[in-house]
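Take a look at the structure set out below.
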Amino acid sequence: MATQIKFIVVGHHARRAMASNLAWSLGENCTLLIDEIDSGANANHRRALEWAAEQDCRVVVLEDDAIPVDGFQVLVSDWLARFPDSLCSFYLGTGRPPQYQMQIAERLIAADKARADYITLPRLIHGVCYSVPPQHLDRVLSRWNTTKAADYAIGDAYGCRIVYPCYSLVDHADGQPVERHSDAAPRTERRRAWRLA
């Protein structure tokens, strides 16, 4: 019997319709968490993980601009069954962050040669869709850094290598960012999945 999984969509009020549609598409095991007061992605992802820590099963967090592939829930269940003790990121994107793109390309090539279906990276570099193992949520929350970008706050608090399927289970809508980034650099790079399942 498949392990129960719950989903939570973190959204910004400017993308309420997009977030609601995504949550609706994931069914009754999905909760919607809207940032109504521009608290920012860091705060909203923390709220999502606080909610996850109160659940009795594994939780997958999706941002409002995630685009799940066909069969997403079955694929997620399979990956989480394989990696019950690992933080899994179900999106591996191009463009951002630029400093990781060469490393991603090299690891995907190496995975292809080895006929592996996933790579690992030392950091969570996307918050588009991921799952923190329940047994590690308290540690992640206790080590949380409110000054970091949400993805870095999550992965750095987790402190171990992150599993990324070579073929992402979600794509990224790549619209205009709603987050004000501390570096003030425009996000002009194409931000889509390297490969899709």
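Quick rundown of the values:
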item	result
Selection within the range 133-149 - hydrophobic (A, V, I, L, M, F, W, C), modelled with pLDDT of 95 or more and over 14 Å from Asp85 (Cα atoms)	Leu141, Trp144
Residue tally, condition polar (S, T, N, Q) and part of a helix (DSSP H, G or I), over the range 111-149	2
Residue pairs meeting the criteria (Cβ under 7 Å; at least 6 apart or on separate chains; first closer than 12 Å to Ser86 by Cβ and surrounded by 21 or more Cβ atoms within 10 Å (Cβ to Cβ), in the range 157-176; second at pLDDT below 95 and among the basic types (Lys, Arg))	Ile162/Arg123
Count - residues of the range 79-106 that are of a type in the set (Ser, Thr, Tyr) and touching a Phe, Trp or Tyr at 6+ places or on another chain (Cβ under 9 Å)	3
Meets criteria (of a type in the set (Gly, Ala, Ser) and either outside any loop (DSSP other than H, G, I, E, B) or at pLDDT 85 or above (or both)) for Ala184	no
Failed criterion for Asn21 (all others in (1) free of Cβ contacts under 8 Å to residues at least 12 places away in the same chain; (2) touching a strand residue (DSSP E or B) at 6+ places or on another chain (Cβ under 7 Å); (3) among the polar types (S, T, N, Q) hold)	(2)
Selection within the range 37-91 - surrounded by fewer than 20 Cβ atoms within 10 Å (Cβ to Cβ), in contact (Cβ under 8 Å) with a residue 60 or more places away in the chain and among the charged types (D, E, K, R)	Glu50
From His45, His13, residue being within 20 Å of Ser142 (Cα to Cα) and of a type outside the set (Val, Ile, Thr)	His45
Qualifying helices (runs of 4 or more DSSP H) (wholly inside the range 4-100; at least 3 residues being at pLDDT 95 or above and under 13 Å from Ser131 (Cβ atoms))	41-53, 72-82
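Every residue, every condition in (1) of a type in the set (A, V, I, L, M, F, W, C); (2) more than 14 Å from the chain's Cα centre (by Cα), yes or no:
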site: Pro122; (1), (2): no, yes
site: His126; (1), (2): no, no
site: Gln135; (1), (2): no, yes
site: Arg143; (1), (2): no, yes
site: Ala153; (1), (2): yes, no
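The values are calculated or read from the model by the stated rules, or taken from the named source; none is laboratory data. In this text, all values refer to a predicted model and were calculated from it rather than measured experimentally. Cβ sites come from the backbone with ideal geometry, for glycine too, and all protein chains shown count toward neighbours.
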